[in-house]
Amino acid sequence: MSVKIAVIQFPGANCDLDAIHVLKNVIGIETDLVWHNHFKESKYDGVILPGGFTFGDYLRAGIIAAHSPAIDEARVMLKDGRPILGICNGFQILTESQFLPGALLRNDSLKFVCKWVNLKVENNATALTNQMNIGDVLAIPIAHGEGRYFTDNLKELEENNQIVFKYSNEKGNITAIANPNGSMDNIAGICNLERNCIGLMPHPERASEPILSPNYTEHGKLFFDSMIEFIKRRTS
C-alpha cells in the first residue's frame, strides 16, 4: 500500500529537512514538505510537526504556530485517528493547541541544553512506539531551552498511561541526574488518550542513521518505523 506523510514547515523551523531526509531516504516513504498555510490533511496518512523556533518563539514557544491553518487541518487528522508526531517545538505546538495536556516551560537551568540523553520506553502501544518494547532505553539527542514538562494532572496521565517516555540513565533507572531540564517526573514524551498523537522533546530524526548515533545505533528510526506500521495496520 502507498503511504504519504507531510512534514509541516513553519517560519523558523530548522529540523524539517532532517525529518524529510529520514522519511524519504532512510525509510523510503513518500513525504512532502508543506508550508503551513498550504497544508491539506486529506492528502496524507500522517503528519509531523518538526523542531525549530516557529515564528521566533515570540510570546512563548509554539503559541503562534498553534494558531496556524495547519493546526486546524491536523485537528481533523487527530479526530480521524491518523498519527501526529510533534518533535521539540512540535511538542510545544501540540500542548499550546491542546492536542496534548500540560505545558513546556524554561529548562530549570535557564540555559539551552544540547546533548545526547537516554529515554526509557513507558508505553509501546502508541502510533510512534509499536516497534519498541516497554523498558527499552533509547539514545536520542535533545536541543531545547524550553523543554521542562509540567502538568497539574500528573496522576491522570499516569492512570491513563499517557506517559510514553522518561529520561533515564543507560540502565533505565529514572534519576534526577538523568533529567536534563527539570521535567516533572522525568517526562520526555506523552500521548493523547487515543494514542495517535505523540509529543516529545528529543529529536529522533537526528538518531535514525548509524553514522550519527552513539555506538552506531538507529534508535530514532524506530519512531518512524512505528508510524508507518501504525498506518498500515490502520488502513489494512
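The values are calculated or read from the model by the stated rules, or taken from the named source; none is laboratory data. What you see is a predicted model; the values in this text were computed from it and never measured. Heads up, the Cβs are rebuilt from the backbone with ideal geometry, glycines too, and the neighbour counts pull from every protein chain shown.
Scanning the stretch 124-142 for residues that are out of contact with any helix residue (DSSP H, G or I) (no Cβ under 8 Å at 6 or more places or on another chain), surrounded by fewer than 20 Cβ atoms within 10 Å (Cβ to Cβ) and touching a residue at least 60 places away in the same chain (Cβ under 8 Å) yields one hit, A125.
Rundown of residues vs (1) within 16 Å of the chain's Cα centre (by Cα); (2) closer than 18 Å to K221 by Cβ, yes/no style:
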{"position": "S2", "(1), (2)": "no, no"}
{"position": "A19", "(1), (2)": "yes, yes"}
{"position": "V26", "(1), (2)": "no, yes"}
{"position": "V34", "(1), (2)": "no, no"}
{"position": "G56", "(1), (2)": "no, no"}
{"position": "A65", "(1), (2)": "yes, no"}
{"position": "I71", "(1), (2)": "yes, no"}
{"position": "A74", "(1), (2)": "yes, no"}
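Just one of the listed residues (K166, K232) is basic (K, R) and either without any contact (Cβ under 8 Å) to a residue 12 or more places away in the chain or part of a strand (DSSP E or B) (or both), and it is K166. The residue that is surrounded by the fewest Cβ atoms within 10 Å (Cβ to Cβ), among those in the stretch 204-230 that are in contact with a strand residue (DSSP E or B) (Cβ under 6 Å, 6 or more places away or on another chain) and over 17 Å from D136 (Cα atoms), is R206. Looking across G147, G172, G220, one residue alone is under 21 Å from D57 (Cβ atoms), modelled with pLDDT of 95 or more and not β-branched (V, I, T). It is G147. Total residues in the stretch 70-83 satisfying the condition of being over 11 Å from E41 (Cα atoms) and in contact with a Phe, Trp or Tyr (Cβ under 8 Å, 6 or more places away or on another chain): the figure is 1.
So which pairs qualify, if the first residue must be in the stretch 4-17 and buried (at least 22 other Cβ atoms within 10 Å of the Cβ), the second must be assigned to a loop (DSSP other than H, G, I, E, B) and aliphatic (A, V, I, L, M), the Cβ gap must be under 8 Å, and the two must be at least 6 apart or on different chains? Short answer, once both residue conditions are applied: I5/I29. Can you find a residue that is surrounded by 21 or more Cβ atoms within 10 Å (Cβ to Cβ) and polar (S, T, N, Q) anywhere in the stretch 52-67? Within the stretch 52-67 (the criterion being surrounded by 21 or more Cβ atoms within 10 Å (Cβ to Cβ) and polar (S, T, N, Q)), the answer is yes, since at least one residue qualifies.
Against the list (1) surrounded by fewer than 24 Cβ atoms within 10 Å (Cβ to Cβ); (2) under 17 Å from the mean Cα position of the chain (by Cα); (3) not in a loop (DSSP other than H, G, I, E, B), the condition I198 fails is (1).
Within the option set L59, L33, L17, being over 20 Å from G189 (Cβ atoms), assigned to a loop (DSSP other than H, G, I, E, B) and of a type outside the set (S, T, Y) holds for one residue only, L59.
Residue count for the stretch 133-170 under the criterion of being among the aliphatic types (A, V, I, L, M) and touching a His at 6+ places or on another chain (Cβ under 8 Å): the result is 5.
Would a scan of the stretch 71-91 turn up a residue that is over 18 Å from N192 (Cα atoms), touching a residue at least 24 places away in the same chain (Cβ under 8 Å) and outside any helix (DSSP H, G or I)? Checked against the condition, which is being over 18 Å from N192 (Cα atoms), touching a residue at least 24 places away in the same chain (Cβ under 8 Å) and outside any helix (DSSP H, G or I), the stretch 71-91 yields no hits at all.
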